[in-house]
Amino acid sequence: MKRSISPDYAIEIIPDGARIMIGGFMGVGTPERLIDALVASGTGNLTVIANDTALPGKGIGKLITAGSVRKVITSHIGLNPETQRLMNAGKLEVDLVPQGTLVECIRSAGVGLGAVVTKTGLGTAVAEGKQILELEGQLYLIELPIHADFALIAARQADYVGNLEYALTAQNFNPIMALAAETVIAEPDHIVPVGMIPPDAVRTPAALVDHLIERAK
């Protein structure tokens with residue numbers, strides 16, 4: 001059994017300057033209560049690893065607007081003009097990574113691979129400063145695994161020991177990120193007795209989850 005904790009208590013363990021993975025796709029599958037607590041805490045100088053920076057006032061966009069983020073490693077910032085403004089002003093470092101490469105780099109960190117080898121990005125700015133490998137006459141970029149200190153993930157439901165089930169597109173990044181961080185903090189919509197989640201619906205096993213956020217009151 002895991003003791004569920006409040007978002008405020010969970011955020012206390014995240015220091016300034018931490019590397020944080022945040023699940024979700026344009027806010028879908030993003031742990032909103034954890035983000036609200038992180039903004040309220042004043043924690044800053046963060047490196048955020050995520051698919052996108054959502055929208056102003058939504059999901060990761062709240063952290064961007066609050067000035068909590070020093071660097072973003074992401075695939076898409078096109079729908080958040082605040083991210084673009086801060087980047088152009090030199091106040092936010094943005095590392096744009098092709099989406100498939102981003103997912104694979106995170107996954108490789110979680111499963112112990114030393115690198116990702118891909119053609120994506122060859123001949124573009126993505127390849128600048130990176131190693132290029134030739135295999136059987138073909139050129140590939142070598143992309144390194146992406147790790148984090150913390151993963152903040154959202155789930156449709158958890159059971160009392162911390163097994164997680166996701167809904168629909170919330171499965172895109174959350175299960176992968178749960179593999180690649182030192183500490184995983186999960187925010188479920190519902191917490192149910194063990195056995196209520198069918199075994200084949202568990203996408204993140206309890207062994208990967210360090211902290212479970214209590215249900216909203």
* Structure fact -> Within segment 208-217, of all residues that are part of a loop (DSSP other than H, G, I, E, B) and in contact with a Ser or Thr (Cβ under 7 Å, 6 or more places away or on another chain), the one nearest to Ser108 (Cα to Cα) is Asp210
* So Phe173 clears everything in (1) modelled with pLDDT of 95 or more; (2) in contact with a Gly (Cβ under 7 Å, 6 or more places away or on another chain) except one condition, right? Which one? -> (1)
* To do: Hey, can you tell me all the residues within segment 120-174 that are free of Cβ contacts under 8 Å to residues at least 24 places away in the same chain and among the β-branched types (Val, Ile, Thr)?
  => Thr120, Thr124, Ile132
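When you look at Tyr140, is it aromatic (Phe, Trp, Tyr) and in contact with a helix residue (DSSP H, G or I) (Cβ under 9 Å, 6 or more places away or on another chain), yes or no?
The answer is no for Tyr140.
The values are calculated or read from the model by the stated rules, or taken from the named source; none is laboratory data. These figures come from a predicted structure and were not determined experimentally. Here the Cβ is made from the backbone with ideal geometry for all residues, glycine too, and neighbour counts use every protein chain on show.
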